[in-house]
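In what follows, a single structure is set out as structure tokens and then discussed.
The values are calculated or read from the model by the stated rules, or taken from the named source; none is laboratory data. Computed from a prediction, not measured in an experiment: that's the story for all the values here. Accessible surface areas use protein heavy atoms only, side chains included; no ligands, DNA or RNA. Shrake-Rupley method; radii C 1.70, N 1.55, O 1.52, S 1.80 Å.
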Amino acid sequence: MIKKTWKRSRTEVKALAKYIDMSVFKARRVIDQIRGRSYEETLMILELMPYRASYPILKLVYSAAANASHNMGLNEADSFISKAEVNGGVIVKKLRPRARGRGYAIKRPTCHITIVLKDKSK
């Protein structure tokens, strides 16, 4: 078995949210608006967006900034979103009882959101 070792950048911080109860397409609509923007600009955009997907993404951006300041000692004001992606998660399947003993399938999609912050100054 070959094990690859990855060099970790001192200016890059990652935050991951898994199993968010939301469609991938609805979350990508919000993520596309904040990719490549600065941290403060991202916070303003997410707080004013009318979509339901903006709240978990806002929490994730806050978490990534907290990781940057606590783990790496980076300043939040000097960071920007270098990578933001939404991947599909598992589909939760339930059965809803219907007439004559039948069942109607309910499919609840989930998604995984990844946000990477980088420091502008370095």
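Along the stretch 56-68 the Karplus relation, 6.51 cos²θ - 1.76 cosθ + 1.60 evaluated at θ = phi - 60°, assigns HN-Hα couplings of x, 6, 4, 4, 5, 5, 4, 5, 5, 5, 5, 4, 5 Hz to successive residues, with x for each Gly and Pro.
Before I look further, what does the chain give for accessible area per residue, probe 1.4 Å, in whole square angstrom?
Per-residue accessible area for the chain comes out at 71 Å².
Ordered from highest to lowest accessible area with the whole protein assembly present and a 1.4 Å probe, 29, 102 read as 102, 29.
Over the chain, Cα pairs under 8 Å with separation of 6+ residues give a relative contact order of 39 percent. Karplus-derived 3J(HN,Hα) values for the stretch 75-90, using 6.51 cos²θ - 1.76 cosθ + 1.60 with θ = phi - 60°, are 7, 5, 5, 8, 10, 9, 7, 8, 9, 9, 9, 10, 10, x, x, 6 Hz; glycine and proline are entered as x. When the listed pairs 83/107; 59/120; 14/94 are checked against a 27 Å cut-off, the alpha-carbon distance exceeds it for 83/107; 14/94. Sorted from greatest to least, the principal axis extents spanned by the alpha carbons of the stretch 50-122 come out as 65, 22, 19 Å.
For the residues 120, 93, a 1.4 Å probe over the protein chains yields an accessible-area ranking, largest first, of 93, 120. Rolling a 1.4 Å probe over the protein chains gives residue 94 an accessible area of about 100 Å². In the set (1) 66, 49, 22; (2) 40, 33, 21; (3) 98, 51, 35, the label that goes with Cα extents along the principal axes in Å computed for this structure is (1). For residue 87 and residue 69, the difference between the fully extended length at 0.36 nm per residue and the C-alpha to C-alpha distance is 3.9 nm.
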